[in-house]
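Okay, structure first, notes after.
The values are calculated or read from the model by the stated rules, or taken from the named source; none is laboratory data. Values in this document were obtained by computation on a predicted structure and should not be read as measured data. Every residue, glycine as well, gets a Cβ built from its backbone with ideal geometry; the counts of neighbours run over all protein chains shown. Heavy atoms of the whole protein, side chains included, go into the accessibility calculation; ligands, DNA and RNA do not. Shrake-Rupley method; radii C 1.70, N 1.55, O 1.52, S 1.80 Å.
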Amino acid sequence: MHAARCGWVGIMGNPSDGYFGKTISMSIANFWAEVTISESKNLVLVPHPLNDPTEFGSLLDLYYISRKEGYLGGLRLLQATCKKFYQFCSEKGIALSKQNFTLKYNVNIPRQVGLAGSSAIVSATLKCLMKFYNLTDDDLPKSIRPNFILDVEKEELFITAGLQDRVVQVYEGLIFMDFSKSLMEKQGYGNYVRMDQSCVPPFWLAYLRDPSDSGVIHSNVRQRWLNGDPDVVEAMRLFAELTDKAKSHLTCSCFLVFMFDSNSSFYLLRSIFTDVCLGPGNLRMIEIAQQFGCAVKLPGSGGAVIGLCPDLNKMGELKKAFQECGFVFCQIVPYCPEGPDTSENKE
């Protein structure tokens, strides 16, 4: 039996990963998606009892579960990954053994709050399939695995997404990512470098308990960027610049300067996406954090915020303030991958 786990949070630069920008993301231990694979007579994809329900106690139960969880669970992610995996191996001339398997998954990543639960399941499934069929970096290089995961979601399931979260799920640790246009056009992927995770300050995370009004960012920013809108183009350039500065500040432990950059990142995001797109839940979480003097930003596409508290003695009060307003609050626990640093692209 093989198992794979992964969870992450965006620290700086998002959403510029989809606009030839730069980002920093980090693996975390708080949230995870876990996929296990074991040999079996037939190929079996096991539905999750909560995320893929087919039986309900009543019509009222069906209503509440569908309202909170949606209609599409993780089973489709397992199936789409397996389909894409077979297609990839066939096209590359990689012979797979005839053995079948059973796939199971479990996940505790909050849904619909921008923490990439779907891509985490796809990433963990790919890791399991590679181990099960003994595929190596020569068969499916680490640098292109994020592209594979993204293709599963975009081409098979029509999920709109970018590369950032897929990269950190593959490389693990504290990862600096450069998606510059010249790199993407030349090699098809960015440059990904693992940073020293011991320099990470004590981040906290807050997110919506009920994501039905998550304020997930959807707007015309993508089309404006494609049209060459100078405000959007300049904003994406500044996101990349802030990421370079954050990388330097994290390395030298200049956390106060980094906190200022965190606030700058949010105001830049707010300027191009507007409060309507951000939604009342995101704005309320930002407001609570700022009342305590915290640096704060969105780590993903909406529904959660990540921050730094200048006075750690006030962390309990901060947590209470979020919880009294109906939000979930936790201190982030970085996930430190085992083994030597092999994250920088060598291809």
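Using beta carbons and a limit of 7 Å, which pairs, at least six apart or on different chains, have the first residue in the stretch 13-29 and among the basic types (Lys, Arg) and the second one not in a helix (DSSP H, G or I)?
Correct list of pairs: 22/13; 22/177; 22/178; 22/179.
Each row is one residue, and each column tells you yes or no for (1) in contact with a Phe, Trp or Tyr (Cβ under 9 Å, 6 or more places away or on another chain); (2) touching a residue at least 60 places away in the same chain (Cβ under 8 Å); (3) open to solvent by 30 Å² or more (accessible area, probe 1.4 Å).
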residue: 76; (1), (2), (3): no, yes, yes
residue: 80; (1), (2), (3): no, yes, no
residue: 89; (1), (2), (3): yes, no, no
residue: 93; (1), (2), (3): no, no, yes
residue: 97; (1), (2), (3): yes, no, yes
residue: 113; (1), (2), (3): yes, yes, no
residue: 116; (1), (2), (3): yes, yes, no
residue: 129; (1), (2), (3): yes, yes, no
residue: 133; (1), (2), (3): yes, no, yes
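Within the stretch 265-295, can you find the residues that are in contact with a His (Cβ under 8 Å, 6 or more places away or on another chain) and either of a type in the set (A, V, I, L, M) or open to solvent by 30 Å² or more (accessible area, probe 1.4 Å) (or both)?
Result: no residue meets the conditions.
With the checklist (1) within 22 Å of the chain's Cα centre (by Cα); (2) within 19 Å of residue 256 (Cα to Cα) in hand, flag the one item residue 300 doesn't pass.
(2)
Applying the selection to the stretch 61-74, what residues are surrounded by 14 or more Cβ atoms within 10 Å (Cβ to Cβ) and farther than 20 Å from residue 121 by Cα?
65
Which ranges mark the strands (runs of 3 or more DSSP E) fully within the stretch 1-67 that have 3 or more residues being modelled with pLDDT of 90 or more and either in contact with a helix residue (DSSP H, G or I) (Cβ under 7 Å, 6 or more places away or on another chain) or within 20 Å of residue 193 (Cβ to Cβ) (or both)?
Once the strands (runs of 3 or more DSSP E) in the stretch 1-67 are filtered for at least 3 residues that are modelled with pLDDT of 90 or more and either in contact with a helix residue (DSSP H, G or I) (Cβ under 7 Å, 6 or more places away or on another chain) or within 20 Å of residue 193 (Cβ to Cβ) (or both), what remains is 8-12, 22-27, 33-40.
Please give the number of the condition residue 238 fails out of (1) at pLDDT 90 or above; (2) within 28 Å of residue 325 (Cβ to Cβ); (3) of a type in the set (A, V, I, L, M).
So residue 238 meets the others, but not (2).
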